[in-house]
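Bear in mind these aren't lab numbers, they're just calculated from the coordinates by the rules spelled out. Computed from a predicted structure; not experimentally measured. Virtual Cβ from ideal backbone geometry, glycine too; neighbours counted across all protein chains shown.
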Amino acid sequence: MTNTVPHKTERKISLTEKVISSLRTEIESGNLMPGAKLPTEPVLTKHFGVSRTVLREAIAVLKADGLLEPRQGAGVFVLAPVPPENDGSVFDVNATQMSDVLEILELRMAVEIEAAGLACSRSSAAQQAKIYEAVRDMERQVQSGKQAAQADYEFHRAIADATNNRRYVTFMDYLGDKTIPRAQAQPHQRPIAIEQQLAHTDRILAEHHRIYEAITLRDADGARIAMRDHLLKSQARYQSLLRNR
């Protein structure tokens, strides 16, 4: 197995992502054939220079993506990659693949952080009101016990609209509800306590409020920081679902 993991100082990506990328490349290139058994955990942790926790998280993602199959008492085996059913567009996302959603969250950071900053200088009062209405709609959905993913999406789309650059809106429209990780993960999640769900949603609402407030104050730096914080926490929340699958 070739060593395709870059040195840890070369790129600012997590160790888990490096292991995922390396194993995925080995599988999709045919270096690891369907039916092949992965080396043992001690061998892999030494090969990649990572902890068992990092390795197990990477294997969990690739299992969710249908590329690996852990078999109790036997080891971890390679499955045949399933060809994507799309037109090859960067915006085509397999919502059942955790790595796809994590990649989209990373892509969103490159777009939405700047969108939040632009909205500060370009948004009209009506556009700011639309952002606020999305926040309030999400609050109402949560209070009534309903799924708030659509209201969450509308919040981010309203910010894109407030840039007055139609390309930002087009970007959000292409992604649709795939921008909201929990909308994709919900059917696959283990049930969690109502109190935990409410605390989770309350944190998201608080993050949305900080973004909205920065936009209304025309604080571009504050809006960018708030959006970056929100999207980083979204990544962390989605990655934590690995432990609930």
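Remark: the LEU107-TYR174 segment gains 22.8 nm on full extension, using 0.36 nm per residue and subtracting the alpha carbon distance. Applying 1/(1 + (r/R0)^6) with R0 = 22 Å to the Cβ-Cβ distance of ASP219 and ARG136 gives a FRET efficiency near 0.55.
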